[in-house]
Amino acid sequence: MAGFVIGLVACVLPFALGMSGLGRPRVVVGVGGILAVGWVFALAAKRTDSHDVPLWFVGGLVILLYAIWCGGLWLGVRLRRMRRARAG
């Protein structure tokens with residue numbers, strides 16, 4: 001359940017920023033990248049000697065969330081451009 005909520009937030013937040021025009025796409029992608037790198041470093045630093053889940057798997061999940069983040073932003077920006085072209 002928590003993974004679904006994290007994925008949903010990772011999509012809806014940049015989607016809303018892209019659709020409303022509040023965040024510039026480069027800034028939103030940059031913030032998402034910083035969050036992804038910070039999350040990987042935090043998870044790698046928290047690891048103990050008993051490796052339950054390999055680090056490459058955790059990194060792959062973070063990359064997937066970053067792709068969802070960028071996809072949500074892309075959809076939001078496309079929707080805003082389509083609405084603007086339709087109105088004007």
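The values are calculated or read from the model by the stated rules, or taken from the named source; none is laboratory data. As the structure is a prediction and not an experimental result, all values here were calculated from the model. No Cβ is skipped: glycine too gets one built from the backbone with ideal geometry, and neighbour counts run over all protein chains shown. Only protein heavy atoms, including side chains, enter the accessible area calculation; ligands, DNA and RNA are left aside. Shrake-Rupley method; radii C 1.70, N 1.55, O 1.52, S 1.80 Å.
Here are the numbers for this structure:
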item	result
Solvent-accessible area per residue, Å², over the stretch 1-73 with all protein chains present [probe radius 1.4 Å]	69
Per-selection metrics, the stretch 1-44 (Cα): Rg and Dmax in Å	11.8, 35
Net +/- balance of residues flanking Leu17 in space, Cβ distance below 14 Å, scoring K and R +1, D and E -1	+4
P(r), alpha carbons of the chain - 10 Å bins starting at zero, rounded %	17, 40, 26, 12, 4, 1, 0
Percent accessible area from carbon and sulfur atoms, the chain, protein chains only, probe 1.4 Å	73
Packing-based ranking, highest mean first, of 75-86, 5-16 given that Cβ atoms within 10 Å are counted	5-16, 75-86
Computed label-point distance, nm, for sites Leu55 and Val12 using a 7 Å Cα→Cβ extension	3.4
In sequence order, calculated HN-Hα J values of the stretch 13-26 (Karplus, 6.51, -1.76, 1.60; Hz; x Gly/Pro)	4, x, 4, 5, 5, x, 6, 7, x, 5, x, 6, x, 5
